[in-house]
1. Taking the Cβ of residue 67 as the center, what net charge do the other residues with Cβ under 11 Å away carry, scoring Lys and Arg +1 and Asp and Glu -1?
2. Would you compute, from DSSP H runs of 4+ residues alone, the mean residue ellipticity of the chain at 222 nm, taking -39500 (n - 2.57) per run and dividing by the full residue count, rounded to the nearest 500?
3. For the chain, what is the accessible area per residue in Å² when the probe is 1.4 Å?
4. Roughly how tilted is helix 29-38, in degrees to the nearest 10 and between 0 and 90, from the longest Cα axis of the chain?
5. So if I average 1/r over every pair of distinct C-alpha atoms in the chain and take the inverse, what Kirkwood radius in Å does that give?
6. Net charge near residue 8, counting Lys/Arg +1 and Asp/Glu -1 over other residues with Cβ under 11 Å of its Cβ?
7. Where a Cα-Cα gap under 18 Å defines reach, which lysines qualify for residue 70, not counting those fewer than 8 residues away within the same chain?
8. How large is the charge dipole for the chain, taken about the Cα centre, if only the Cβ atoms of Lys, Arg (+1) and Asp, Glu (-1) carry charge, to the nearest 20 debye?
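The values are calculated or read from the model by the stated rules, or taken from the named source; none is laboratory data. Keep in mind it's a predicted model, so treat the numbers as computed, not measured. Here the Cβ positions follow ideal geometry from the backbone for every residue, glycine too, while neighbour counts run over all protein chains shown. For accessibility, only protein heavy atoms count, side chains too; no ligands or nucleic acids. Shrake-Rupley method; radii C 1.70, N 1.55, O 1.52, S 1.80 Å.
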Amino acid sequence: MKLIPVGHRVLIRPDKVEEVSEGGIVLVREHVEREKAATTKGEVLEVGPDCWYDKPSQWAKAGDRVVYAKYAGFAVDGEPYGYPDEQLRICNDEDIVALEAM
């Protein structure tokens, strides 16, 4: 099954949040969940058909690494779409604030 955003929405796979600190301490579940919600970087998986329709060009496409607004959009369970143990985010196109250059 595939999840395709509609309208001006973008499907993003946020970066993973570490559940163990660098020193080997297992982090509290509430802390991990809070960090997952506040993650602001990820990879664009899909782009809706109306993204950036009012702009001169499309500035993000599938495969791009992006920085997006904190707490933007809403979380979707990735399990049924081939992303086990991951939460995907569906955001508005305007929530993407930068491309991450490698």
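1. Every neighbour counted, the sum reads -1.
2. -3000 deg cm²/dmol
3. For the chain, the per-residue accessible area is 65 Å².
4. That helix lies at roughly 20 degrees to the long axis.
5. Mean inverse Cα-Cα distance, inverted, gives 14.3 Å.
6. Values: positive: 9, 55; negative: 50, 54, 93, 94, 95.
Net local charge, residue 8 excluded: -3.
7. Excluding near neighbours in sequence, the set is 16, 36, 41.
8. Approximately 180 debye in magnitude.
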